[in-house]
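Below is one structure, written out as structure tokens; comments come after it.
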Amino acid sequence: MTDLLKQARHYTPGGVHSPVRACQQMELDPLFFTHGQGPYVFDHEGHRYIDYVCGFGPVILGHAHPALSKVLSAQAQRGLVYGGCDANAPILSKMLCDALPGMDQIRLMNSGTEACMTAVRLARAATGRSKVIKFEGAYHGHYDAFLVAAGSGALNTVATSGVTPGAVQDTLLLPFNDVEAVRKTLEQHAGTVAAIILEPIAGNMGMILPMRDYLSTLRHLCDAHGVVLIFDEVMTGFRVAYGGAGVHYGVIPDLTVLGKVIGGGLPIGAVAGSRDLMELLAPSGAVYQAGTFSANPMSLCAGIETLKHLSDTKAYQHLSEHSHALSEGLVLSAAQQGIDLQGVSLGGMLGVFFSSTPVQDLTAAQQTDPLAFKWFYQGMRQAGIVWPPSPYEAFFIGTQHDEDTLKFTLAAADQVFQSCAQQREAQ
Ligand SMILES: *Cc1c(COP(=O)(O)O)cnc(C)c1O
């Protein structure tokens with residue numbers, strides 16, 4: 001164990017400040033990074049890795065993008081936080097609302113967790129109801145009511161430890177991609193459901209696309225029952241398309257929650273919605289929400305610069321082609337060794353499941369082969385490639401991943417799948 005790791009474990013639970021970073025399920029030590037450059041990250045022992053974690057989503061222009069570094073250095077010399085409004089706040093707000101049909105207003109804050117929590121509070125205030133429908137394996141941050149069967153790192157723990165029975169009772173839990181379950185629940189609990197919150201493309205139980213007409217059916221059901229439809233696009237927003245999954249599928253929710261990419265690598269979260277709903281927020285309305293670092297100058301200028309690059313170029317076409325080539329390449333490479341792998345991709349996001357059939361929900365995700373994923377992760381990391389260290393996370397790419405990183409990755413995958421197949425035989 002390195003001294004740094006020893007020190008980390010001495011001073012911090014598990015040695016990490018967010019659980020998935022621990023790499024516990026992969027039976028490896030966490031990595032400590034010193035810097036990133038384009039599609040690469042470098043650990044404190046000097047190893048270079050092709051990076052498919054991308055900060056778990058925020059990094060989309062590659063690490064240390066020159067234009068981004070430039071605006072951030074300039075801002076750092078002008079001040080970091082004022083306690084008044086930064087002049088860039090209305091600019092980023094307009095860029096985001098313009099990209100999202102039906103979203104008239106937006107409130108910026110500091111994390112996706114905070115934004116999801118605010119969206120639900122708004123929905124409860126607007127409807128006067130308390131129950132919220134969420135889906136198994138979805139992750140909406142670590143707010144109490146969302147930890148019931150939550151995805152991401154929460155899948156590995158009894159995630160509702162420390163959460164009150166009241167918060168658990170207010171959360172109605174349903175399988176993803178099953179409209180009948182939603183229909184029945186809304187009838188059973190008529191008049192008590194404030195909101196349905198979902199990741200329109202699930203990304204915290206691995207990556208799972210919505211089935212055909214799933215999102216538009218949820219839209220109709222919400223309209224029929226007076227329920228607020230919340231798309232949690234913290235991960236998918238400006239990652240799968242300019243705007244996000246709602247724009248890609250042509251379905252408009254009542255509230256959109258954003259984070260990750262829109263801060264260009266700095267902390268951010270946001271709730272957007274119709275004027276009617278948003279005007280319920282203080283100081284216009286009675287729903288309280290506030291933050292010392294909300295819409296801070298650094299997050300704003302990083303967000304603006306990032307969105308400029310994403311709108312000006314053929315960024316999403318490049319991202320989609322590249323993520324598709326990567327996921328297809330991995331599936332093919334696995335198949336050559338007799339390993340069943342499912343791959344999906346959209347924009348700068350992709351996912352694989354070690355499974356012989358496509359995965360549509362958490363139950364199916366949990367039936368995939370955890371040992372194969374662990375071997376795959378371990379082998380690839382040894383070869384200088386990092387993915388999220390869990391079968392329940394999506395993989396990410398940025399605009400600086402190119403032919404070279406693709407070729408290197410797929411050549412390494414050939415070797416790693418071969419040794420996975422050998423290990424499987426030896427068992
Ligand atoms: C990351 C994520 C969150 C939480 O965002 P934080 O900024 O980590 O608090 C919420 N929802 C989804 C879909 C996410 O991927």
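The values are calculated or read from the model by the stated rules, or taken from the named source; none is laboratory data. It should be emphasised that the depicted structure is a prediction, and the values quoted were computed from it without experimental measurement. Here the Cβ is made from the backbone with ideal geometry for all residues, glycine too, and neighbour counts use every protein chain on show.
You will find that of Ala138, Ala194, Ala149, Ala167, the residue that is more than 21 Å from Gly303 (Cα to Cα) and touching a Gly at 6+ places or on another chain (Cβ under 6 Å) is Ala138 and no other. Within the option set Val193, Val158, being at pLDDT 95 or above, more than 21 Å from Ala394 (Cβ to Cβ) and not assigned by TED's automatic domain parsing to the domain that holds Ser355 holds for one residue only, Val193. Residue count for segment 108-129, restricted to those that are surrounded by fewer than 22 Cβ atoms within 10 Å (Cβ to Cβ) and either outside any helix (DSSP H, G or I) or away from the ligand (no atom under 16 Å from the Cβ) (or both): 8. Considering only segment 241-250, state which residues are within 12 Å of the ligand (Cβ to nearest atom) and either in a loop (DSSP other than H, G, I, E, B) or modelled with pLDDT under 95 (or both). Within segment 241-250, Gly244 is the sole residue that qualifies.
Val257 satisfies every condition listed in (1) buried (at least 24 other Cβ atoms within 10 Å of the Cβ); (2) away from the ligand (no atom under 11 Å from the Cβ) except (2). Tell me, which helices (runs of 4 or more DSSP H) wholly within segment 251-368 include 3 or more residues that are at negative phi, over 20 Å from the mean Cα position of the chain (by Cα) and assigned by TED's automatic domain parsing to the domain that holds Leu221? Helices (runs of 4 or more DSSP H) meeting the threshold: 275-278, 297-312. The test for being within 24 Å of the chain's Cα centre (by Cα), within 12 Å of the ligand (Cβ to nearest atom) and not in a helix (DSSP H, G or I) does not hold for Gly153.
Tell me, please, whether a residue that is in contact with a Phe, Trp or Tyr (Cβ under 8 Å, 6 or more places away or on another chain), over 21 Å from Leu258 (Cβ atoms) and surrounded by 12 or more Cβ atoms within 10 Å (Cβ to Cβ) can be found in segment 61-78.
Our first condition is that a residue be in contact with a Phe, Trp or Tyr (Cβ under 8 Å, 6 or more places away or on another chain); within segment 61-78, this holds for 63.
Narrowing further to those that are over 21 Å from Leu258 (Cβ atoms): 63.
This time we only want the ones that are surrounded by 12 or more Cβ atoms within 10 Å (Cβ to Cβ), so: 63.
Within segment 61-78, one or more residues are in contact with a Phe, Trp or Tyr (Cβ under 8 Å, 6 or more places away or on another chain), over 21 Å from Leu258 (Cβ atoms) and surrounded by 12 or more Cβ atoms within 10 Å (Cβ to Cβ).
Restricting the first member to segment 286-297 and to residues that are of a type in the set (Val, Ile, Thr), and the second to residues that are assigned to a loop (DSSP other than H, G, I, E, B), the beta-carbon pairs closer than 7 Å and six or more apart or on different chains are Val287/Leu280.
Results for (1) touching a His at 6+ places or on another chain (Cβ under 6 Å); (2) crowded, with 20+ Cβ neighbours inside 10 Å; (3) modelled with pLDDT of 95 or more; (4) of a type in the set (Phe, Trp, Tyr), shown as yes or no for each residue.
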residue	(1), (2), (3), (4)
Ser284	no, no, yes, no
Gly291	no, no, yes, no
Ala295	no, yes, yes, no
Leu300	no, yes, yes, no
Leu341	no, yes, yes, no
Gly347	no, yes, yes, no
Ser356	no, no, yes, no
Phe376	no, yes, yes, yes
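Look at His47 and say whether it is free of Cβ contacts under 8 Å to residues at least 60 places away in the same chain, surrounded by fewer than 18 Cβ atoms within 10 Å (Cβ to Cβ) and not assigned by TED's automatic domain parsing to the domain that holds Gly112.
Details: free of Cβ contacts under 8 Å to residues at least 60 places away in the same chain: no; surrounded by fewer than 18 Cβ atoms within 10 Å (Cβ to Cβ): yes; not assigned by TED's automatic domain parsing to the domain that holds Gly112: yes.
No.
Of the residues Asn204, Asn177, only one is buried (at least 23 other Cβ atoms within 10 Å of the Cβ) and among the polar types (S, T, N, Q); which?
Numbers: Asn177 fails: buried (at least 23 other Cβ atoms within 10 Å of the Cβ).
None of the other options fit; the residue is Asn204.
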